[in-house]
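Asker: Structure below; questions to follow.
The values are calculated or read from the model by the stated rules, or taken from the named source; none is laboratory data. What you see is a predicted model, and the numbers here were worked out from it, not measured in a lab. Neighbour counts are summed over all protein chains in view; Cβ atoms, including those assigned to glycine, are modelled from backbone coordinates with ideal geometry. Surface accessibility is based on the protein's heavy atoms, side chains included, excluding ligands, DNA and RNA. Shrake-Rupley method; radii C 1.70, N 1.55, O 1.52, S 1.80 Å.
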Amino acid sequence: MPYWVSTLLLILAIYIAISIALYYLQDYMLFKPEKLPKDFLFDYENQETKEYNLETRDGAIINGLRFFPKGESKGIVLYLKGNSKSIKGWGKFAVDFTRHGYNVLMVDYRGFGKSTGKRSQKAIKRDLQLVYNKIKEQTTEDRIILYGRSLGSGFAAKLASLNNPKMLILDAPYYSLTKVTARYASFMPLSLLIKYPLPTYKWLKYVKCPIHIIHGTHDKLIPYKTSVKLAQIQPKLTKLHSVIGGGHKNLNNFEAYHNMLDEILNSQPKTIDLETTSINVIHSSKKTKKKV
């Protein structure tokens with residue numbers, strides 16, 4: 001066998017081996033769960049909480065935690081977290097919404113915290129729709145806000161596309177998870193290998209509520225330009241909020257982020273009479289000829 005043929009076959013074998021490994025190991029690469037014992041007690045200073053366990057049709061248990069505001073509630077935020085840890089740690093961010101008078105419901109995906117069941121993109125989407133339906137049994141959709149953080153942004157977009165919440169807030173969202181992974185393995189056939197493509201850009205096309213996108217300009221994991229592209233999908237419904245200097249995991253450390261949340265959660269949308277503005281004024285591109 002010629003040397004070049006054996007070399008080519010070796011390269012092909014390595015490529016196939018990497019592809020197989022990527023397919024079967026991607027769950028371990030993508031998800032970084034923290035598992036909690038069934039008897040673990042959630043405890044947060046100055047926060048009133050209630051724990052829930054929801055059984056799915058395939059027998060899995062989805063564990064959730066509800067945070068209550070002080071005083072009358074304005075509605076509820078369904079907070080879909082990132083790909084690491086459990087709601088034990090993510091619960092610290094509930095205060096950013098309870099302080100504005102909103103209930104917050106956080107749930108752990110399958111295999112995270114106390115939640116059980118075999119994980120897949122289809123199963124997680126089905127679980128979250130079940131959670132959303134349970135919320136609708138207690139309140140009207142015009143009081144439900146969907147908040148998706150990083151990994152949760154895709155699932156939040158999907159939920160919003162199928163339902164009619166008050167608004168959708170995406171925190172450091174991705175265009176699609178396939179695009180994110182392609183930055184690190186552009187030579188692989190990811191469209192065939194990725195079990196969690198999560199095409200946020202496709203689902204946003206069907207969202208009918210106001211969309212707010214928050215992104216740090218120095219995010220190295222999911223580039224800021226991603227949110228610029230997402231904001232262009234439904235520009236009339238979308239507002240992009242830029243945290244200057246913000247990274248992927250530290251937006252809560254910026255005063256600007258909290259000012260943005262205050263504006264998003266408390267400001268009433270205004271209808272502008274565009275006929276009274278300069279919207280139809282076009283700058284002339286013609287140069288005036290000088291008279292001789």
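Asker: May I ask you to derive the FRET efficiency for GLU141 and ARG99 from their Cβ-Cβ distance with R0 = 25 Å, giving the value to the nearest 0.05?
Answerer: The pair GLU141/ARG99 has a calculated efficiency of 0.60.
Asker: Here's something else I'd like to know. Counting only protein heavy atoms and using a 1.4 Å probe, what share of the accessible area of the range 41-132 belongs to carbon plus sulfur, as a whole percent?
Answerer: In the range 41-132, the share of accessible area belonging to carbon and sulfur is 48 percent.
Asker: Could you give the length gained on full extension between LEU221 and PHE254, defined as 0.36 nm per residue of separation minus the Cα-Cα distance, in nm?
Answerer: Result: 10.1 nm gained on full extension.
Asker: Any chance you could run the full-extension gain for LYS239 through LYS32? It's 0.36 nm times the residue separation minus the Cα-Cα distance, nm to one decimal.
Answerer: Contour length minus the Cα-Cα distance gives 71.5 nm.
Asker: Now, a different point. Obtain the nm distance between the two label points defined at ASP58 and TYR44 by a simple spin-label model: each point lies 7 Å from its Cα along the Cα-to-C-beta direction.
Answerer: So the two model labels end up 2.9 nm from each other.
Asker: Could you report the range 29-145's accessible area per residue, 1.4 Å probe, as an integer in Å²?
Answerer: 51
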